[in-house]
Amino acid sequence: MRRAPQLAVLAAGAVLAASAAAPPAAADPRPPGRDIGRETLAENDGWASAEGGTTGGAAADDADVSTVRTWDALKRAVRGDHPKIVYVEGDISAMTGADGARLECADFADPAYDWDAYVDAFDPGHWEGGEDGPLAEARDRSYRAQREHVLLTPGSNTTIVGVGGASLSDGGILLESVENVIVRDLGVHDAYDCFPEWRGEDWDAEYDNIEVSRSRHVWLDHLTLTDGDTRDSGLEHVYGEQVDRHDGMVDVVRGSDLVTVSWNVLDGHDKTMLIGNTDSNRHGDRGRLRVTVHHNHFTDVTQRAPRVRYGQVHVYNNHYTHGSGTDYPYQYSWGAGVESGIYAQNNSFDMAPGIAPEDTVVSWGGTALYEEGTLFAGRYVDLLDAYNEAHPEAPLSSDVGWEPERHGKIHPTRAVPHLVPAKAGAGRLH
């Protein structure tokens, strides 16, 4: 159960392992005089621009502007609900202590926890369910100890921006019950769960690269999100099931609202983007989960790009690619869940042979999905018609009950395969 931290960064489309010590920050490639930390979301840039807009920490006093180079300093800098701007330099690992020393999973393990004993205790060959017992309780204490350390929990009115290709690895960002937060120009890699839980049928990991929970007015822009060096193909199997180490990549859940997700790279992941985490939260999610997803590059992701429950979600000008050699098998892109309203415009798909237009959509209890202007394998395709022809027993309507009013320029679809890869992701904010 020992694992050294992975300082992973994405460069030229490949994930590279960094050294334990963060290298000096590269020169900032952005235009002179431009202060990214003071920028706010444009007036009509998606749902996060509604109802007062999203300004993050743009109004921060000079005393509340900081530059950080360590995990400990970053966690301290984002505390509180006053306006603040935090610049991140270098490649920071969440699996480091206050003194900068590397941490391993064993550093968070409860004295009563043992992986081999846990696996033996829950072996389906003899486990009959019921009371989980001391080993499960020790696993939970271990999980909570790691969670406390590796999740960054910014307060409201915060802007976090990377400088010169900065990245965070081995942890995640949790926006919990906050408002008015901006995260831009940053890599976030390998939100690794040391203590996954056996749920009787599968293994469950808890950490997302970024989770937006019970929060409003959030802008996530020009980020590069990956699994780092922890690829699914390298994970062990126990009881015949993969031992998951990652959960979502960007999840917007528990009644969160007014979120814009723009110009990001989401590369190599399974459960990628979940909007609405349960069918049962009707009272908490109805009228919320309004999210705009635009100009993102989803590359070699398995599913949920996005999967939606309840929300009114505008999905436009995104580019989806999936190669034949990836170790992340393809399942679907758009998931129409309970009472969902996905409004998709001018998205492009460049998929491996064997992936058909009708494969891009799945119904998870949804009844409608609006789609237009989709380019698939270089030709215009009506994905909704393709899905309905393949599923005549449960077709989807095109009437989602709403039309987007807040959005920036919707580019012609033929521009998307060139425009998005050239400009999306960390280090390309210009």
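Structure summary
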read-out	value
Complete set of residues in the stretch 247-283 that are part of a strand (DSSP E or B), in contact with a helix residue (DSSP H, G or I) (Cβ under 9 Å, 6 or more places away or on another chain) and free of Cβ contacts under 8 Å to residues at least 40 places away in the same chain	none
Leading residue by the ranking (farthest from Y87 (Cα to Cα)) among those in the stretch 133-146 that are surrounded by 19 or more Cβ atoms within 10 Å (Cβ to Cβ) and touching a residue at least 24 places away in the same chain (Cβ under 8 Å)	A138
Odd one out for R428, checked against (1) closer than 25 Å to W47 by Cα; (2) modelled with pLDDT of 95 or more; (3) not in a helix (DSSP H, G or I)	(2)
Of residues in the stretch 362-402 being assigned to a loop (DSSP other than H, G, I, E, B) and of a type in the set (S, T, N, Q), the one nearest to H322 (Cα to Cα)	T374
From G366, G408, residue being among the small types (G, A, S) and within 30 Å of G165 (Cα to Cα)	G408
In the stretch 148-178, the residues that are surrounded by fewer than 19 Cβ atoms within 10 Å (Cβ to Cβ) and of a type in the set (D, E, K, R)	E148, E176
Any hit, the stretch 178-191, residues being among the polar types (S, T, N, Q) and either under 13 Å from the mean Cα position of the chain (by Cα) or farther than 30 Å from A60 by Cα (or both)	no
Failed item in (1) on the phi < 0 side of the Ramachandran plot; (2) part of a strand (DSSP E or B), with H217 passing the rest	(1)
Pairs where the first residue, in the stretch 65-81, is closer than 22 Å to D35 by Cα and the second is modelled with pLDDT of 95 or more and in a loop (DSSP other than H, G, I, E, B), C-beta under 7 Å, 6+ apart	V78/P154; V78/G155; R79/G155; D81/G155; D81/S156; D81/N157
Members of the stretch 331-381 found to be among the hydrophobic types (A, V, I, L, M, F, W, C) and under 22 Å from G311 (Cα atoms), listed by number	W334, A336, V338, I342, A344, V361, V362, W364, A368, L369
Enumerated strands (runs of 3 or more DSSP E) restricted to the stretch 284-347, each holding at least 3 residues that are under 19 Å from the mean Cα position of the chain (by Cα) and farther than 13 Å from D267 by Cα	291-294, 312-316, 334-337
Scan of the stretch 299-345 for residues that are under 18 Å from P421 (Cα atoms), among the hydrophobic types (A, V, I, L, M, F, W, C) and touching a Ser or Thr at 6+ places or on another chain (Cβ under 7 Å), ordered by number	V301, A305
Leading residue by the ranking (farthest from the chain's Cα centre (by Cα)) among those in the stretch 81-126 that are closer than 28 Å to V65 by Cβ and of a type in the set (D, E, K, R)	D99
One residue from A386, A368, A377 being on the phi > 0 side of the Ramachandran plot and surrounded by 13 or more Cβ atoms within 10 Å (Cβ to Cβ)	A377
Residues located in the stretch 189-210, provided they are touching a Gly at 6+ places or on another chain (Cβ under 7 Å) and not polar (S, T, N, Q)	H189, D190, A191, G200, Y207, D208, I210
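The values are calculated or read from the model by the stated rules, or taken from the named source; none is laboratory data. Quick caveat, the model's predicted, so the values are computed rather than measured. No Cβ is skipped: glycine too gets one built from the backbone with ideal geometry, and neighbour counts run over all protein chains shown.
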